[in-house]
Amino acid sequence: MSKLNSGNVTITLDGEKVVLKPTPRAAMAISNHFTGLQGAVPRVAGHDIAAASFIIAAGAGIKGEAAKGLNDKVFTAGISDLAAPLIEFIVILMNGGKRPDDMPSTEDSEEDEGNGEA
């Protein structure tokens with residue numbers, strides 16, 4: 001997977017692949033709806049179908065008439081199967097669109113960093 005879309009999460013609804021893209025617009029919609037991105041996690045972990053549908057709509061850019069059938073599609077797909085990838089998507093949003101394993105390492109290097117020694 002290229003770095004350009006490495007933060008995308010793909011789920012399957014009604015036999016169709018749906019790509020959730022971590023965009024600022026998706027992050028803001030989810031954050032506003034759940035009073036912060038972290039607020040979405042317990043709702044999805046609690047298998048809230050309406051919460052899952054909202055996150056899918058925001059991440060996939062599904063609007064209007066197309067969004068009306070999402071609750072049924074989430075139910076049919078099985079919320080327990082969708083919870084993990086949706087939480088993964090929220091974590092990616094929390095990391096600015098990057099997967100945690102794509103983030104730069106913060107491990108100590110062998111070089112002296114700001115210890116005052118010259």
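The values are calculated or read from the model by the stated rules, or taken from the named source; none is laboratory data. Predicted, not measured: the structure shown is a model, and the values here were computed from it. Counting neighbours? That spans all protein chains shown, and the Cβs are built from the backbone with ideal geometry, glycine included. For accessibility, only protein heavy atoms count, side chains too; no ligands or nucleic acids. Shrake-Rupley method; radii C 1.70, N 1.55, O 1.52, S 1.80 Å.
For the reader, a short list of remarks on this structure follows.
- Scanning segment 101-111 turns up one or more residues that are among the hydrophobic types (A, V, I, L, M, F, W, C) and at pLDDT below 95.
- Listed by position, the helices (runs of 4 or more DSSP H) contained in segment 42-90 that have at least 1 residues being among the β-branched types (Val, Ile, Thr) are 49-60, 70-77.
- Residue in segment 59-71 that is within 15 Å of residue 37 (Cα to Cα) and surrounded by 18 or more Cβ atoms within 10 Å (Cβ to Cβ) present: yes
- Meets criteria (modelled with pLDDT of 95 or more and in a loop (DSSP other than H, G, I, E, B)) for residue 35: yes
- For segment 1-55, a tally of residues being open to solvent by 40 Å² or more (accessible area, probe 1.4 Å), among the small types (Gly, Ala, Ser), over 13 Å from residue 80 (Cα atoms) and touching a residue at least 12 places away in the same chain (Cβ under 8 Å) returns 1.
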